[in-house]
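Sharing a structure with you now.
Read-outs throughout are calculated quantities, based only on the coordinates presented, and are distinct from any laboratory measurement. Model, not experiment: these values are computed from the prediction. With ideal geometry, Cβ positions are generated from the backbone for all residues, glycine too; neighbour counts draw on all protein chains shown.
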Amino acid sequence: MFQDDNVSFSSTTMRIIPTLAVLLGSDELIDRYFAAHAMASLVCTRNRGINLTIANSGAVSGIINLLGYVESEILNLVALANEFSLVKEPDQVILQHLFEIEDVRLGSTARKSIPLLVDLLRPIPDRPGAPQFAVQILIRIADGSDTNKLLMAEAGAVEALTKYLSLSPQDSTEYAISELLRVLFSNHELRQNEMALSSLNQLIAVLRLGSRSARYSAAGALNELFDAENIRNSEIACQAVQPLMDILGSVSESEQEVALSALIKLSSGNTSNTALLIDVEGSLLENVIKILSSATASEELKINAARLCSVVFSNKNIRTSASASGCMKPLITLMQSERSAAVEAAVFAIKILLDDEQHLELAAAHNIQELLVGLVSGKNYVIIEASLSALIKLGKDRVPRKLDMVEAGIIERCLELLPGASSSLCSAVVELFRILTNSGVIARRPDVAKTVEPLFAVLLRSDLTLWGQHSALQALVNILEKQQTLEAFSFTPSEAIVPLISFLESSSQAIQQLGAELLSHFLTMEDFQQDITTQSAVVPLVRLAGIGILSLQETAIKALEKISASWPKAVLDAEGIFELSKVILQEDPQPPLDLWESAAFVLSNILQYDAECFFRVELPVLVKLLFSTIESTVLLALKALMLHEKNDASSTVQMAELGAIDALLDLLRSHQCEEESGSLLEVIFNNPRVRELKLCKYAIAPLSQYLLDPHTRSEPGRLLAALALGDLSQHEGLSRSSGSVSACRALISVLEEQPTEEMKVVAICALQNFVMNSRTNRRAVAEAGGVLLIQELLLSCNPEVSGQAALMVKFLFSNHTLQEYVSNELIRSLTGTFQFKLYESYVPVTLALQFLYSDNLFCSIFNCLTSYSCEQLHLREACGLQQL
């Protein structure tokens with residue numbers, strides 16, 4: 001009756017439906033069977049109202065209970081149904097029609113049906129056909145509804161399906177189960193289900209051994225599962241690689257599509273899986289190249305093939321393989337597509353491929369630069385950023401290619417992008433500028449100069465990455481280190497310096513260095529040096545100067561050189577003395593000479609600003625400054641050390657121990673600051689405690705050499721060197737040291753050169769100390785002509801000179817050491833001093849005469865003495881001449 005539309009659409013029919021629903025719960029199979037047939041005839045009318053009424057009547061649960069019964073058990077009922085031309089399997093017909101309706105599929109009817117259908121997934125002996133149909137209905141209910149998927153999982157669907165697969169069901173059932181798992185695993189929460197990993201193993205088994213349709217569904221399910229990181233990184237997951245590779249070689253585009261997608265996910269971020277792709281049987285890249293080069297393959301398939309290239313090219317072994325080069329041309333072709341997704345996939349793959357040197361040359365041969373420059377425009381920032389990355393790799397260390405990019409208009413295109421660019425895109429643009437301006441030829445171009453102000457604007461962005469800051473600063477350094485370019489800009493000091501101060505305080509050493517380097521370029525201009533804004537950079541620069549990292553110190557101190565000339569107080573107030581002193585004394589790492597001298601120069605500027613600062617610089621620093629090659633620095637150090645000595649005489653001992661003596665001797669030898677060096681040296685040696693130090697004996701020879709050096713022109717220097725020798729000779733041990741002989745000869749040399757009266761006295765006094773306790777030195781003096789020189793000096797009108805000469809005679813001839821050098825001329829010279837009435841010399845002369853006494857000279861001495869007037873002779877007793 002219900003096969004007649006007039007009957008089924010009558011109002012009475014609606015009242016019968018609840019009764020039919022009740023009959024579906026009858027204990028009698030015939031009632032249930034024909035009630036199902038009646039409803040099947042109704043649902044076949046496809047009347048939405050009737051079908052919704054049936055769904056809401058509660059009939060669905062009764063229908064589900066009919067699923068799967070074997071026809072052999074109800075042959076008589078089936079025969080009767082056939083006689084009336086009723087549909088076969090009414091239960092399936094009803095469920096198929098009802099769950100085509102979205103309201104039913106997503107409503108309460110479906111939610112109530114899910115547990116019943118899931119129960120049918122467990123094999124039931126007397127209802128063998130139920131599971132397969134239950135799977136089909138569950139697929140329909142689950143598709144598009146995450147709520148239904150979760151309800152199925154709660155009802156145990158994943159476990160039941162996994163177990164069902166392990167029983168190796170028929171191909172059609174295996175396909176349906178795999179398809180249902182694919183639908184379920186499209187839900188994120190279900191991929192995290194602990195049973196998902198168990199399903200993985202069974203799905204891989206289907207992928208290997210199942211029918212073609214089942215393998216396709218299993219690949220789809222795996223594709224969903226591989227969205228879960230824990231699953232794609234599991235040990236089992238790698239077993240899917242080979243069968244997925246096999247599917248990739250299929251002629252079916254849909255199969256290739258799902259295989260590509262699964263392989264992309266499986267290998268993304270997993271280096272071991274990526275490496276496995278090249279190790280398994282069959283060539284992945286060969287299949288990919290076939291897809292990319294195919295004239296019939298859809299663009300969507302080619303896009304996924306390119307995406308797989310991006311993943312696998314991250315593996316160096318794959319990227320450098322011979323097959324990888326074969327991808328270049330079809331990828332470039334895909335890059336010229338009108339579809340942005342295709343361009344994006346191709347550019348990304350090429351960008352990674354360009355990490356290998358051989359592919360750089362291959363890409364250049366295909367004129368890819370022009371294509372990439374053309375892509376740097378528009379609003380697709382993903383493509384633009386990838387294109388910039390590829391251009392960076394192409395241009396690195398290759399000036400001709402960089403010039404080609406510039407000629408193609410890359411700079412103008414990038415400048416257009418910057419105002420609205422994201423942080424990452426900004427970083428890519430400024431990195432390209434850095435690569436381009438690494439070439440001096442490009443950095444000097446007028447069109448490159450246009451990038452300076454935009455680069456400063458980029459630096460002010462708070463969201464710019466550290467790498468972006470680094471690239472922007474390096475590009476600016478590359479451009480502005482050219483003086484003519486620097487002077488062409490009209491930056492005020494505040495516009496240029498203030499943005500750089502934050503970079504001096506960056507957490508990145510490289511950025512600190514570039515910030516200081518750029519600042520130092522600006523400070524080459526006098527107006528920048530003198531502007532008060534410059535003071536704000538002093539504190540971070542001083543901190544960098546003492547940080548102990550050579551590269552940072554070099555740039556910071558270079559900038560401070562300029563600043564300290566105009567703003568020494570600012571450097572002083574920023575603890576400049578302390579930080580720069582650290583550089584002066586730094587040993588690990590040892591600063592190069594230029595850096596050390598720069599630090600010394602800045603410190604000198606501070607000291608010149610305020611003399612009170614001399615006492616704030618520690619002695620080790622001042623002594624170290626003596627080794628500078630810059631005369632002004634050395635003079636300042638000498639001045640400071642002299643002030644320290646005047647303030648505390650004992651400081652000379654510390655100076656000596658710190659190496660001041662060696663430094664001062666080097667200065668004398670090199671004829672630098674001779675007077676100042678000699679003065680400090682003499683002051684140091686004048687301290688008895690210094691003369692006790694062992695190192696003093698090594699100073700005698702250099703001082704002697706200085707006096708003997710024909711290039712020594714400084715008379716004050718010579719006098720001070722002689723005084724220093726005199727100080728040293730006061731120490732008995734030093735006067736007998738190995739260098740004392742050369743000292744004696746040097747002093748004799750000084751006396752031979754007609755020196756000043758002061759020099760004569762100094763030299764003679766020094767000689768007295770050297771010969772007093774050393775026969776060797778006496779002999780050396782005599783052999784050097786010293787006796788004749790002294791003999792001449794005895795006749796000097798200067799009583800101090802003649803007196804000291806007489807004492808020298810006494811020391812020379814004590815103990816009758818050099819009697820062979822005693823002569824009548826010497827006696828006459830000694831006694832001749834009396835005729836000048838230089839009474840101050842009478843005592844030393846008389847004492848000298850006593851040492852010259854001998855039998856054969858007695859008469860000569862007596863005659864000389866008695867020849868003088870009584871006024872002179874009355875001194876005999878006072879002089880002890882009666883001993884003669």
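Provide, for q = 0.05, 0.09 Å⁻¹, the log10 of I(q)/I(0) from a solvent-free Debye sum over equal Cα point scatterers in the chain.
-0.61, -1.00
Any number yet on Rg/Rh for the stretch 311-377, C-alpha, Kirkwood?
Rounded to two decimals, Rg/Rh equals 0.95.
In addition: Counting other Cβ atoms within 10 Å, keep those with at most 11, restrict to DSSP loop, and tell me which GluC sites (Glu not before Pro) in the stretch 724-824 are left. Write out the running numbers ahead of the final one.
Values: sites: Glu732, Glu752, Glu753, Glu757, Glu758, Glu783, Glu792, Glu800, Glu820; in loops: Glu753.
Here the sparse-neighbourhood loop sites are Glu753.
To make sure I understand, if each residue's beta carbon is the centre and we count other beta carbons within 10 Å, what order do Thr53, Thr173, Thr534 fall in, fewest to most?
So the ranking, lowest neighbour count to highest, is Thr53, Thr173, Thr534.
Quote the relative contact order of the stretch 467-565 in percent (integer), defining contacts as alpha-carbon pairs under 8 Å separated by 6+ residues. Working shown, then result.
Values: 113 pairs, mean separation 28.8, N = 99.
Relative contact order, the stretch 467-565: 29 percent.
State, as an integer percentage, the relative contact order of the chain based on alpha-carbon contacts under 8 Å between residues 6 or more apart.
4
With contacts defined as alpha carbon pairs under 8 Å and 6 or more residues apart, what's the relative contact order of the stretch 102-215 in percent?
Worked out over the stretch 102-215, it gives 26 percent.
Compute the signed sum of charges (Lys and Arg +1, Asp and Glu -1) over the other residues within less than 12 Å, Cβ to Cβ, of Gln654. If you can, show how the numbers build up before the last one.
On the way: positive: Arg689; negative: Glu618, Glu645, Asp648, Glu657.
Its environment carries a net charge of -3.
In which sequence would Glu385, Glu100 go, from the one with the fewest C-beta neighbours within 10 Å to the one with the most?
Glu100, Glu385
Describe numerically, in nm with one decimal, the distance between label points set 7 Å from Cα along Cα→Cβ at His366 and at Thr492.
Between His366 and Thr492, the simple spin-label model gives 5.3 nm.
In this model, which of Lys482/Lys624; Lys149/Lys316; Lys697/Lys810; Lys558/Lys694; Lys624/Lys694; Lys450/Lys558 are farther than 30 Å apart at the alpha-carbon?
Lys482/Lys624; Lys149/Lys316; Lys558/Lys694
Once the cut-off is 23 Å, how many percent of the Cα-Cα pairs in the stretch 102-215 end up in the long-distance tail?
22
On to the next question. Using alpha carbon coordinates only, what is the Rg to Rh ratio of the stretch 1-98, with Rh defined as the Kirkwood radius?
Ratio of gyration radius to Kirkwood radius: 0.93.
Find, among the GluC sites (Glu not before Pro) in the stretch 172-254, those assigned to loop by DSSP (not H, G, I, E, B) with at most 12 other beta-carbon atoms within 10 angstrom.
The qualifying sites are Glu235.
Going by C-beta contacts inside 10 Å, put Ile177, Ile204 in order with the fewest on the left.
Ile204, Ile177
Let me ask something additional. Counting each DSSP H run of 4 or more residues in the chain as -39500 (n - 2.57), what helix-only mean residue ellipticity at 222 nm follows after dividing by all residues, to the nearest 500 deg cm²/dmol? Present the calculation step by step, with values, prior to reporting the outcome.
Working: 63 runs with 624 residues, N = 884.
Helix-only estimate at 222 nm: -20500 deg cm²/dmol.
Still on this model: For the stretch 533-599, which GluC sites (Glu not before Pro) pass both filters: DSSP loop (anything but H, G, I, E, B) and at most 11 other C-beta atoms within 10 Å?
Within the stretch 533-599, the qualifying GluC sites (Glu not before Pro) (loop, at most 11 other Cβ atoms within 10 Å) are Glu587.
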